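Heads up: the structure comes next, in structure tokens.
The values are calculated or read from the model by the stated rules, or taken from the named source; none is laboratory data. None of these values were measured; they are calculated from a predicted model. In this analysis, Cβ positions are derived from the backbone assuming ideal geometry, glycine residues included, and neighbour counts consider all displayed protein chains. Only protein heavy atoms, including side chains, enter the accessible area calculation; ligands, DNA and RNA are left aside. Shrake-Rupley method; radii C 1.70, N 1.55, O 1.52, S 1.80 Å.
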Amino acid sequence: MKIENYIRDIQGFPKEGILFKDITPLLIDPEARTNCLRILVNSLENQKIDKVVGAESRGFFFGMLLAQELNAGFVPVRKPKKLPFDTISASYELEYGSDSLEMHTDAIKKGDRVLIHDDVLATGGTAKAVCELVEKLGGEIVQCNFLMELTFLNGREKIAAYPVFAALTY
């Protein structure tokens, strides 16, 4: 089974000039979703993971599945003012704008072994911001893991200090 067959291209979303990679067909199909989860888990080579950090919002889907599979805690990283407790924040640039992310201050304990998950590695701004949040709280980043990487945007360069895995590359 090729999981790339379950990624749909949407031209001009969220704005003209962007080719959006829609993971909805992958989420809908139980066999494809399970196969993708297996690929992501196998990339860890039996590493011990204490927390899986998922970036809003498409990183939540497989982030929660990974946490369940790895018997780890799940930590949501969200857009500003979406989390109800004390937070820390980091800003980042997207290929189509800028934003910031927040994480609860008690989400990661010093020495926690952390897997960072998001759906796409594009320019690397989101991933770099999540890495900054994890490290501010004393977490050790085991891997940054993605469903897909858009290699032509060179996002891997921004997180070159960490092991990176992508199930698919474009």
Scanning segment 112-170 for residues that are on the phi > 0 side of the Ramachandran plot and either of a type outside the set (S, T, N, Q) or free of Cβ contacts under 8 Å to residues at least 24 places away in the same chain (or both) gives G124, G138
Looking at segment 83-158, what strands (runs of 3 or more DSSP E) fall wholly within it and have at least 2 residues that are over 13 Å from the mean Cα position of the chain (by Cα) and among the aromatic types (F, W, Y)? none
Give the residue that is nearest to the chain's Cα centre (by Cα), with candidates limited to residues of segment 16-60 that are part of a helix (DSSP H, G or I), among the aliphatic types (A, V, I, L, M) and closer than 16 Å to D118 by Cα. L40
Qualifying positions in segment 1-35 - closer than 24 Å to A67 by Cα and of a type in the set (K, R): K2, K21, R33
Please specify each residue of segment 103-119 satisfying the condition of being open to solvent by 30 Å² or more (accessible area, probe 1.4 Å) and touching a strand residue (DSSP E or B) at 6+ places or on another chain (Cβ under 7 Å). H104, T105, G111, R113
Which listed residue is surrounded by fewer than 23 Cβ atoms within 10 Å (Cβ to Cβ), touching a strand residue (DSSP E or B) at 6+ places or on another chain (Cβ under 6 Å) and among the hydroxyl-bearing types (S, T, Y), from T169, T123: T169
Identify all residues within segment 48-71 that are in contact with a Lys or Arg (Cβ under 7 Å, 6 or more places away or on another chain) and under 11 Å from N145 (Cβ atoms); write none if there are none. I49
Out of the residues in segment 2-27 meeting the condition of being of a type in the set (A, V, I, L, M, F, W, C) and touching a residue at least 12 places away in the same chain (Cβ under 8 Å), tell me which one is farthest from L150 (Cα to Cα). L27
Among the candidates F60, F85, single out the residue that is touching a strand residue (DSSP E or B) at 6+ places or on another chain (Cβ under 7 Å), open to solvent by 40 Å² or more (accessible area, probe 1.4 Å), over 25 Å from C36 (Cβ atoms) and without any contact (Cβ under 8 Å) to a residue 60 or more places away in the chain. F85
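Matching residues to (1) of a type in the set (A, V, I, L, M, F, W, C); (2) more than 15 Å from G138 (Cα to Cα):
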{"site": "P80", "(1), (2)": "no, yes"}
{"site": "Y92", "(1), (2)": "no, yes"}
{"site": "S100", "(1), (2)": "no, yes"}
{"site": "H104", "(1), (2)": "no, no"}
{"site": "K109", "(1), (2)": "no, no"}
{"site": "D112", "(1), (2)": "no, no"}
{"site": "D119", "(1), (2)": "no, yes"}
{"site": "A122", "(1), (2)": "yes, yes"}
Kindly list, by first and then second residue, each pair from a residue in segment 38-54 that is modelled with pLDDT under 95 to a residue that is among the hydrophobic types (A, V, I, L, M, F, W, C), limited to pairs with Cβ atoms under 8 Å and residues at least 6 apart or on different chains. none
